[in-house]
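Asker: Handing you a structure now.
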Number of protein chains: 2
Amino acid sequence: MPELRKDPVVGRWVIISTERARRPTDFARDPVRAKGSNCVFCAGNEDKTPPEILAGRGDTPPNGPGWTYRVVPNKFPALRIEGDLEPSGEGLFDRMNGVGAHEVVIETPDHQGSLATMSADALADVLMAYRDRLLDLKKDPRLEYVLVFKNHGEAAGASLEHPHSQLIATPIIPIMVTEELDGSARYWQMKERCVWCDIIRQERRERHRVILESKGFVALAPFAPRFPFESWILPTRHRSAFEELEVDELRDLATVLRDFMRRLNATLNEPPFNFMLPTSPLHDAGLEYFHWHLEIIPKLANVAGFEWGSGFFINPMPPEQAAAALRGEAG
Amino acid sequence: MPELRKDPVVGRWVIISTERARRPTDFARDPVRAKGSNCVFCAGNEDKTPPEILAGRGDTPPNGPGWTYRVVPNKFPALRIEGDLEPSGEGLFDRMNGVGAHEVVIETPDHQGSLATMSADALADVLMAYRDRLLDLKKDPRLEYVLVFKNHGEAAGASLEHPHSQLIATPIIPIMVTEELDGSARYWQMKERCVWCDIIRQERRERHRVILESKGFVALAPFAPRFPFESWILPTRHRSAFEELEVDELRDLATVLRDFMRRLNATLNEPPFNFMLPTSPLHDAGLEYFHWHLEIIPKLANVAGFEWGSGFFINPMPPEQAAAALRGEAG
């Protein structure tokens, strides 16, 4: 019997479609592996990107070789840093100028590198770069939100294969974040507890959707996942904003993320994936009802008309089975 | 300068990213054309589907040849028609049995047919089948909503190439429909006018986003489209529910849809696409604030991490240019 499950934060229902269930290995597609090299993000080609905003360097001068990661403006930005918002109407419609920031985090000079193969220290430096960019962009009063995300593999929307993530800063809080904030606030009003903390407590007690744990983080398959093998990594201590993380917590997160990526690659043959880092709005730090988290969604199937028209997702992989597979238990 | 635009119904912002603008023809990919034939939906193979629920037939007996369209249960249904909902909790989570209906509308016996090449009468019969199924499923008190949709081409999620659409009836009103209903109701509370009627009036006056019109319908590019060439077809007279349509209106809609599909195919080289038919909930007919509509989204690019994490869509094609291209004006 298929099952309907409700996301406890935003109230979105999903269909866990057991009639269409498959084994974990049936989801594997061609692995995402870098084929070319010497791309615009490779070491030696620093002049092919806009000048760097931030980089992991010893004594080397900016915009030359000798770095472990670089943050540069996106050469084809979705939003522009210059200008004023100038909101205006067009009859009943609303518009404003596309002011914001769009940056690329080149995660490693190694074209063939990946989150699964980088050293934990190098990955921690990348996570620290996210934090530093959040803290810096927070100073711009025009900006309300920063979303850090990663597209890995062409099927997941990546146009370049060199390992990189991105951030887009927007002058508006994105609607999906507003929905998460509103849902979390409703739960707080009812219970005076953070819904995310409650989820973490329940999942750690029940264990069947937990993938792995560290001192300060847990990776789990959510109760009502939209996609097969959708996974979340959350801090077990209440934290509403990513940029509140201390250095030792970032190192712990790097280890968990790397371990998770290795398990995902082993289970699904190096799949294309997206990750997203929902965190508090820039000017709302310290929320008692919201909890930042990392969402990872392998790109295994095309989203179709029913999902686009309803917001109701059909997922053929029960999260309990996905978590078991990612824990390495036989499917 | 990129522009931010807000959907006036659900409040979702999109980025119209002129920095990434391309000509209409740059979006074309490989055309979707049927390669095989003699599939399970072809004439002569009626025994390969579950028994038909409804069909366009003269005097021929059910489940044999001699039909113009057939409606059959989906052989691998996302939801099952048998059983009770039995809602239950699992700690803080909510679940219920996956009760509902999942049907396939085989639009024509011709494996190579399409919405653009069928006769307008045959297409009107298919639309009438949607209406008849809505009216029939409305009798089931367990069901709250029916979404009619179509996936055309593998990239749009179609697993079979024979022309078909689908409907899924759910025991819950889908979240995206709830958001449209809530947004429409808010506008009504403010203005005591239907927001959709207001949009139609403004677009018909301004013309630059109108693609084509008939006596009773208008096809337009919405002000804040999520996707390049996203298009809506709406009845110009206020109608909240698709199943309220009269036969002559269905014939008019068939002609508009066929004309629209021909324009889309000519502009984008027979692209993969989805369409969805948001209408009122089954037991809420006659809403003064809601207006059914047909949404068509060509599947031209992969949705990536920023969209999944934010609900904020980046669209490189301004709707005014998309509408001009679909009207046949030089780009």
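The values are calculated or read from the model by the stated rules, or taken from the named source; none is laboratory data. Owing to the predicted nature of the structure, the values given are computational and were not obtained by experimental measurement. Counting neighbours? That spans all protein chains shown, and the Cβs are built from the backbone with ideal geometry, glycine included. SASA here: full protein model, heavy atoms, side chains in, ligands and nucleic acids out. Shrake-Rupley method; radii C 1.70, N 1.55, O 1.52, S 1.80 Å.
Asker: Scanning segment B:81-109 for residues that are closer than 19 Å to B:S159 by Cβ and either out of contact with any helix residue (DSSP H, G or I) (no Cβ under 7 Å at 6 or more places or on another chain) or part of a loop (DSSP other than H, G, I, E, B) (or both), which turns out nearest to the other protein chains (Cβ to nearest Cβ)?
Answerer: B:H102
Asker: Please verify whether segment A:128-139 includes one or more residues that are part of a loop (DSSP other than H, G, I, E, B) and under 17 Å from A:F273 (Cα atoms).
Answerer: no
Asker: Count, please, the residues in segment B:1-51 that happen to be assigned to a loop (DSSP other than H, G, I, E, B) and surrounded by 19 or more Cβ atoms within 10 Å (Cβ to Cβ). Even if it seems obvious, please write down each step before you answer.
Answerer: Just the residues of segment B:1-51 that are assigned to a loop (DSSP other than H, G, I, E, B), to begin with: B:1-2, B:7-12, B:17, B:21-23, B:28-45, B:49-51.
Filter once more, keeping what is surrounded by 19 or more Cβ atoms within 10 Å (Cβ to Cβ): B:2, B:7-9, B:12, B:17, B:32, B:41.
So the answer is 8.
Asker: Tell me which residues, restricted to segment A:195-220, are open to solvent by 10 Å² or more (accessible area, probe 1.4 Å) and either of a type in the set (D, E) or closer than 13 Å to A:R237 by Cβ (or both).
Answerer: The answer is A:C197, A:D198, A:R201, A:R204, A:E206, A:E213, A:S214, A:K215, A:G216.
Asker: Report yes if B:A55 is away from chain A (no Cβ under 14 Å), out of contact with any Leu (no Cβ under 9 Å at 6 or more places or on another chain) and either in a loop (DSSP other than H, G, I, E, B) or open to solvent by 40 Å² or more (accessible area, probe 1.4 Å) (or both), otherwise no. It would help to see each step written out before you state the result.
Answerer: Working: away from chain A (no Cβ under 14 Å): yes; out of contact with any Leu (no Cβ under 9 Å at 6 or more places or on another chain): yes; either in a loop (DSSP other than H, G, I, E, B) or open to solvent by 40 Å² or more (accessible area, probe 1.4 Å) (or both): no.
In short, no.
Asker: Somewhere in segment A:157-174, is a residue modelled with pLDDT of 95 or more, under 30 Å from A:K35 (Cα atoms), assigned to a loop (DSSP other than H, G, I, E, B) and not aliphatic (A, V, I, L, M)?
Answerer: Among the residues of segment A:157-174, at least one is modelled with pLDDT of 95 or more, under 30 Å from A:K35 (Cα atoms), assigned to a loop (DSSP other than H, G, I, E, B) and not aliphatic (A, V, I, L, M), which makes the answer yes.
Asker: Of all strands (runs of 3 or more DSSP E) completely enclosed by segment A:257-320, which ones contain at least 1 residues that are under 19 Å from the mean Cα position of the chain (by Cα) and within 16 Å of A:P174 (Cβ to Cβ)? It would help to see each step written out before you state the result.
Answerer: On the way: elements: A:273-277, A:294-298, A:313-315.
Fully inside segment A:257-320 and qualifying: A:273-277, A:294-298.
Asker: Considering only segment B:121-145, state which residues are open to solvent by less than 30 Å² (accessible area, probe 1.4 Å) and among the basic types (K, R).
Answerer: Hit for segment B:121-145 is B:R133, nothing else.
Asker: Okay, next question. Does any residue in segment A:101-130 that is free of Cβ contacts under 8 Å to residues at least 24 places away in the same chain and over 21 Å from A:A169 (Cβ atoms) come within less than 9 Å, Cβ to Cβ, of a residue that is open to solvent by 10 Å² or more (accessible area, probe 1.4 Å) and part of a helix (DSSP H, G or I) six or more places away or on a different chain, and which pairs are these?
Answerer: Listed pairs, sorted by first residue: A:T117/A:R258; A:T117/A:R262; A:S119/A:R258.
Asker: Sticking with this one: Within the group A:F290, A:F273, which residue is within 30 Å of B:P272 (Cβ to Cβ) and either more than 10 Å from chain B (Cβ to nearest Cβ) or open to solvent by less than 10 Å² (accessible area, probe 1.4 Å) (or both)? Don't jump to the end; show me each part of the working.
Answerer: Working: A:F290 fails: within 30 Å of B:P272 (Cβ to Cβ).
The unique qualifying residue is A:F273.
Asker: Among residues belonging to segment B:180-194 that are open to solvent by 90 Å² or more (accessible area, probe 1.4 Å) and in a loop (DSSP other than H, G, I, E, B), point out the one that is nearest to the other protein chains (Cβ to nearest Cβ).
Answerer: Quick first cut of segment B:180-194, residues open to solvent by 90 Å² or more (accessible area, probe 1.4 Å) only: B:186, B:189-193.
Now restrict to residues that are in a loop (DSSP other than H, G, I, E, B): B:192-193.
Values: B:E192: 14, B:R193: 10 Å.
Result: B:R193.
Asker: Sticking with this one: Read through the list (1) out of contact with any helix residue (DSSP H, G or I) (no Cβ under 9 Å at 6 or more places or on another chain); (2) open to solvent by 10 Å² or more (accessible area, probe 1.4 Å), then give the number of the only condition that A:A323 fails.
Answerer: (2)
Asker: Quick one: B:G44 ticks every box in (1) farther than 30 Å from A:V99 by Cα; (2) within 12 Å of chain A (Cβ to nearest Cβ); (3) in contact with a Pro (Cβ under 7 Å, 6 or more places away or on another chain) bar one, so which box is it?
Answerer: (2)
Asker: Then there's this: Considering only residues that are polar (S, T, N, Q), open to solvent by less than 10 Å² (accessible area, probe 1.4 Å) and farther than 19 Å from B:N274 by Cα, which ones fall in segment B:221-256?
Answerer: Within segment B:221-256, just B:S240 meets the criteria.
Asker: Here's a check for you: in segment A:63-96, which residue that is open to solvent by 20 Å² or more (accessible area, probe 1.4 Å) and β-branched (V, I, T) is nearest to A:R142 (Cα to Cα)?
Answerer: Result: A:I81.
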